[in-house]
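As structure tokens, the structure follows; a few thoughts come after it.
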Amino acid sequence: MIKLRDLCFDFPTQPLLKKINLHIPRHSFLAIIGPNGSGKSTLLKLIMGILHPQSGEIFLNQKPLREFSRKRLAQLAGYVPQHFETIFHFTAWEIVSMGRHPYQSPFSSARVEDAHIVENAMKATEVWHLRHRVINHLSGGELQRVVLASALAQNPQILLLDEPTTALDLKHQFHFYNILETLRKENNLTIVTVTHDINLASYFCEQMVVLKDGAIVAEGTPEQLITQELIREVFEVEVEIYQHPRNGKPLVFF
Amino acid sequence: MNTKSLIIIACAIFLLMTLIGAPLIGSQSLSPTEVVRYLQGEETSQGLIFFRIRLPRVLLAVLTGASLSLAGVVFQALLRNPLATPYTLGVAGGSALGALSVIKAGIAFSIAGFSAVQLAAFAGSLLTILLVYLLAMRLRRLSIHTLILAGVTLNYFFSASILILHYLSDFTETHQMIRWTIGGLDVVGYITLAQTFPFFFIVFFIFWILSKSFNVLSTNEELALSKGVHVTRIQTMSLILASLLTGTVVAISGPIGFIGLIIPHLLRLLGGPDHRYLIPASVMLGGGFLVLADTIARTIIAPVNLPVGIITTLLGGPFFLWLLVRNKGPVY
């Protein structure tokens, strides 16, 4: 589904990603973890075509990313940014409807089909009741679900999420990931999420990738990956690892 | 029918009423029957005043008001800044410097119906747009904030240059300069209008086509990219078109203030930020509003013609403040 080959990205002043090679199969639920500044968000933005790599290649469905038009890419992948703020007072419905943009031409009026897709996306993320509300007045959890619905309205095969739950409380974190898991099963999505919450990632994600200093230092299932040695090496913290009593997934404690 | 359609219809009716009503009002009131008789081929003096003097002025007001409001909407959306106006990137400052230099030099000629001051003002704005364009071309690496900062810096630079001109001028020149800077709708012929209206319609049409993209762009740049919007292309093209339109009307009417700021905000308060509604509505409301302001400017202490630039702010300022205060909940 997603394949990265020798991907390098530099900011004008410093190198960031060094020769990233990664294969993300269809239907994965992958978490990218790593310290601040390790290049996690940049990696997502490269896959979404928001940033462009200096060298290396990204393939989506075996096709190089640079051969995709912006619209075609937006039909294939949806993106939930880390912060979403707007100064203008759009309603939740209007924000989710923007997800139909890659399917619309300038002259076409809104089609009934678009309205159905928007409605379904909002129901799937449980924000349908908020449709008339102005997004500037929504809570953090509601806003994130609206932005997720907007990405879903693109009918994507891939969802890319950049720390989607960092600003949310415990209930909404869990709730958000539950929605993601349901979506993945029902819509056959491939999900890549960047997160700082290792336990949340361990609980929900099947695969993990650990980034440090712009390079992949480990990848595998949470059970394989989350060890005292790895956390010490990557995050420079001494931790204890326990097993989740319900599903046996590893949990990290200070 | 939804609120937005109702507002658009209301704006259209308002524009039509000002278009027909304003030329009848003035130091001499005109009777509609006399005007109709002129249309039927009779040389009435009232018809002459209507068609030769007042109608061109009203049409210029529509063109200027509509252009400034349209540019205001687009600047606010693209710069994602509620304080943005058509003049944020320095277009008016550049125009003023051009116009005032010619006034100072005492050059007077006219080409194709445009005076030396108008031509110099347009040249000044073109120069500014070129600078903005060079900056906008670097938008791949420059942020919108950098662009705004560059615009503000340009404005300071132009203000300082204008102050030097003022300082070196005598009273007559200074008087002329201040009159230009306030902005006014002095008599223009139909030729000037015929030369500028088509450009306005082209820009309006392009912006209307882009209105869905403006919606996405006005939220968040990265989100817009992820929704398939050609961000850099649309930003560069729209900033230049909006600047060109602003430069054109400023060259003819001077930097009339406030319209480009409040008309878009007023309409957002009433019907929300959807550009499919905002663009046509602000064109009509902006056009009508400037006609109204100009009619007041012409009549309030007739036979003296106050410059319309003063009236737009004197009239619009308190009204908009009242709206902001009355509006429940935060606006921005």
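The values are calculated or read from the model by the stated rules, or taken from the named source; none is laboratory data. The structure presented is a predicted model; accordingly, all values stated were derived computationally and were not measured. We place every Cβ from the backbone using ideal geometry, glycine too, and count neighbours over all the protein chains shown. Keep in mind that these areas ignore ligands, DNA and RNA; they rest on the heavy atoms of the full protein, side chains included. Shrake-Rupley method; radii C 1.70, N 1.55, O 1.52, S 1.80 Å.
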Only unsatisfied item for A:F84, checking (1) modelled with pLDDT of 90 or more; (2) within 12 Å of chain B (Cβ to nearest Cβ); (3) closer than 19 Å to A:E163 by Cβ, is (1)
Could you please tell me which pairs satisfy a Cβ distance under 7 Å, a separation of 6+ or placement on different chains, a first residue in region A:57-82 that is under 17 Å from A:L148 (Cβ atoms) and open to solvent by less than 20 Å² (accessible area, probe 1.4 Å), and a second residue that is basic (K, R) and in a helix (DSSP H, G or I)? none
Restricting attention to region B:164-181, and to residues there that are among the aliphatic types (A, V, I, L, M) and within 24 Å of the chain's Cα centre (by Cα), which single residue is farthest from B:A105 (Cα to Cα)? B:I178
Of the residues A:H89, A:H27, which single one is within 14 Å of another protein chain (Cβ to nearest Cβ) and either outside any strand (DSSP E or B) or of a type in the set (S, T, N, Q) (or both)? A:H89
Quick check on region A:73-84: of everything there that is touching a helix residue (DSSP H, G or I) at 6+ places or on another chain (Cβ under 8 Å) and not in a strand (DSSP E or B), which residue is nearest to B:R268 (Cα to Cα)? A:F84
Six or more apart or on different chains, Cβ under 9 Å: which pairs go from a residue in region B:35-46 that's farther than 17 Å from B:I25 by Cβ to one that's open to solvent by 80 Å² or more (accessible area, probe 1.4 Å) and among the charged types (D, E, K, R)? Could you list them? B:T44/B:R37
Any residue at all in region B:230-238 that's in a helix (DSSP H, G or I), open to solvent by less than 20 Å² (accessible area, probe 1.4 Å) and touching a strand residue (DSSP E or B) at 6+ places or on another chain (Cβ under 9 Å)? no
Scan region A:118-156 for residues that are open to solvent by 10 Å² or more (accessible area, probe 1.4 Å) and more than 14 Å from chain B (Cβ to nearest Cβ) and jot them down. A:E119, A:N120, A:K123, A:A124, A:E126, A:W128, A:H129, A:S139, A:G140, A:E142, A:R145
Only one of B:A96, B:A92 is within 22 Å of B:G287 (Cα to Cα) and under 19 Å from the mean Cα position of the chain (by Cα), namely B:A92
Looking only at region B:273-332, how many residues end up being touching a helix residue (DSSP H, G or I) at 6+ places or on another chain (Cβ under 8 Å), of a type in the set (G, A, S) and not in a helix (DSSP H, G or I)? 1
Filter region A:37-55 down to the residues that are modelled with pLDDT of 90 or more, open to solvent by 40 Å² or more (accessible area, probe 1.4 Å) and either part of a loop (DSSP other than H, G, I, E, B) or away from chain B (no Cβ under 13 Å) (or both) and list them by number. A:L51, A:H52, A:P53, A:Q54, A:S55
Across region B:54-78, what is the total count of residues that are open to solvent by 10 Å² or more (accessible area, probe 1.4 Å) and either in contact (Cβ under 8 Å) with a residue 40 or more places away in the chain or not in a helix (DSSP H, G or I) (or both)? 3
Restricting to helices (runs of 4 or more DSSP H) lying wholly in region B:185-229: which have 2 or more residues that are open to solvent by 70 Å² or more (accessible area, probe 1.4 Å) and within 30 Å of B:I310 (Cβ to Cβ)? B:190-209
Those residues of region B:276-288 which are modelled with pLDDT of 95 or more and either open to solvent by 10 Å² or more (accessible area, probe 1.4 Å) or touching a Phe, Trp or Tyr at 6+ places or on another chain (Cβ under 6 Å) (or both) amount to B:I279, B:P280, B:V283, B:M284, B:L285, B:G288
Report yes if some residue within region B:232-251 is at the interface with another protein chain (Cβ under 7 Å from one of its Cβ atoms) and at pLDDT below 95; otherwise report no. no
When you look at A:P102, is it open to solvent by 30 Å² or more (accessible area, probe 1.4 Å) and either within 11 Å of chain B (Cβ to nearest Cβ) or aromatic (F, W, Y) (or both), yes or no? no
Answer from B:L135, B:L149, B:L131 - the residue that is closer than 25 Å to B:V74 by Cβ, of a type in the set (A, V, I, L, M), more than 14 Å from chain A (Cβ to nearest Cβ) and in contact (Cβ under 8 Å) with a residue 24 or more places away in the chain: B:L131
Among the listed residues B:P255, B:P273, identify the single one that is on the phi < 0 side of the Ramachandran plot, of a type outside the set (K, R), within 14 Å of chain A (Cβ to nearest Cβ) and open to solvent by less than 30 Å² (accessible area, probe 1.4 Å). B:P273
So, restricting to strands (runs of 3 or more DSSP E) that lie completely within region A:158-226, which ones have at least 3 residues that are within 15 Å of the chain's Cα centre (by Cα)? A:158-162, A:190-194, A:207-212
